[in-house]
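As structure tokens, the structure follows; a few thoughts come after it.
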Amino acid sequence: MRLDKFLTVTGTASRSEAAKAVRRGGVLVDGRAASSPAMQIDPDKCIVEYNGERVVYRQYTYIMLNKPQGVVSATDDGRDRTVLDLLPDKLQRLHLFPCGRLDKNTVGLMLITDNGGLSHRLLAPKSHVAKSYRFEAERVISDEDKMALEAGVYIAGGYLTKPARVELDEDRRYGVITITEGKYHQIKQMLEAVDNKILYLGRITFGPLVLDKALAEGEWRFLTDAEIEALESNGRN
């Protein structure tokens with residue numbers, strides 16, 4: 001792989017920035033100043049440093065983000081901030097996108113990646129990837145309402161939701177609901193189907209991923225190797 005391409009695909013620099021850095025001696029390959037931005041390197045074996053920092057090559061990028069309210073799950077939007085706007089410029093140079101979506105006012109776990117194949121498999125209806133959300137309802141959820149939500153309720157278009165799991169806190173207005181599909185405003189519509197209303201909704205799991213409690217809203221981190229492997233295994237099922 002060409003050195004300038006390596007620096008581009010890792011989000012380190014544009015090709016013109018890479019060329020300038022090479023000319024001023026700011027790029028080292030295995031401890032020596034790079035001779036040309038066009039020089040060939042092995043991204044898996046060569047140690048590349050850019051302005052004193054090592055550049056690590058990954059075939060794909062995987063990010064866990066704790067989405068705040070008011071941010072949209074898109075790569076670009078003419079009015080609102082997007083989840084990609086919460087990432088540093090270096091990562092915004094990559095072709096990242098959110099895997100699935102959360103409504104504008106829903107907070108919590110989002111997977112951001114550039115692995116289109118895995119994203120497609122995780123979002124395919126046949127994958128039945130479970131997603132759990134912590135919620136606050138306007139009023140108490142009765143046993144009858146809980147059973148209805150778990151069995152399936154009719155939402156817009158006469159669609160019958162698939163079975164869900166509902167765990168209620170002691171006061172029965174708060175709890176966790178787990179679904180395996182993702183219709184538009186689905187949980188909001190499900191609560192409305194039992195004459196209730198969602199006041200707060202935050203996703204805490206997506207497949208094998210669990211929202212890192214150390215991440216405040218708007219913060220992110222790279223997935224660990226174990227989390228990536230778990231995702232890939234889930235995507236193969």
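The values are calculated or read from the model by the stated rules, or taken from the named source; none is laboratory data. Note that this is a predicted model, so its numbers are computed, not measured. Ideal geometry is used to build each Cβ from the backbone, glycine not excepted, and the neighbour counts take in all protein chains shown.
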> So which of LEU84, LEU102, LEU109, LEU149 is touching a residue at least 24 places away in the same chain (Cβ under 8 Å), over 17 Å from the mean Cα position of the chain (by Cα) and crowded, with 21+ Cβ neighbours inside 10 Å?
Replying inline: LEU149
> So which residues in the stretch 203-228 are in contact with an Asp or Glu (Cβ under 8 Å, 6 or more places away or on another chain) and not in a loop (DSSP other than H, G, I, E, B)?
Replying inline: LEU209, ARG221
> Of (1) touching a residue at least 60 places away in the same chain (Cβ under 8 Å); (2) in a loop (DSSP other than H, G, I, E, B); (3) over 16 Å from the mean Cα position of the chain (by Cα), TYR200 satisfies all except one. Which?
Replying inline: (2)
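Which ones in the stretch 217-230 are touching a residue at least 12 places away in the same chain (Cβ under 8 Å) and polar (S, T, N, Q)?
The initial filter retains those residues of the stretch 217-230 that are touching a residue at least 12 places away in the same chain (Cβ under 8 Å), namely 217-223, 227-228, 230.
Within the stretch 217-230, none qualify.
Tell me, yes or no, whether the stretch 164-178 has at least one residue that is without any contact (Cβ under 8 Å) to a residue 40 or more places away in the chain, touching a strand residue (DSSP E or B) at 6+ places or on another chain (Cβ under 6 Å) and among the small types (Gly, Ala, Ser).
Yes: the stretch 164-178 contains one or more residues that are without any contact (Cβ under 8 Å) to a residue 40 or more places away in the chain, touching a strand residue (DSSP E or B) at 6+ places or on another chain (Cβ under 6 Å) and among the small types (Gly, Ala, Ser).
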> Looking at the stretch 164-197, which of its residues are assigned to a strand (DSSP E or B) and not aliphatic (A, V, I, L, M)?
Replying inline: ARG165, GLU167, TYR174, GLY175, THR178
> Across the stretch 125-146, what is the total count of residues that are hydrophobic (A, V, I, L, M, F, W, C), surrounded by 15 or more Cβ atoms within 10 Å (Cβ to Cβ) and within 14 Å of ASP171 (Cα to Cα)?
Replying inline: 3
>> Given the options ALA156, ALA214, ALA137, name the one that is without any contact (Cβ under 8 Å) to a residue 12 or more places away in the chain and out of contact with any Ser or Thr (no Cβ under 6 Å at 6 or more places or on another chain).
In response: ALA214
>> Take ASP85 and tell me if it is at pLDDT below 95 and acidic (Asp, Glu).
In response: no
> Is it true that some residue in the stretch 89-106 is of a type in the set (Phe, Trp, Tyr) and not assigned by TED's automatic domain parsing to the domain that holds PRO68?
Replying inline: no
> Between a first residue in the stretch 17-31 that is of a type in the set (Asp, Glu) and a second residue that is outside any strand (DSSP E or B), which pairs have beta carbons less than 6 Å apart while being 6 or more apart in sequence or on different chains?
Replying inline: ASP30/CYS46; ASP30/ILE47
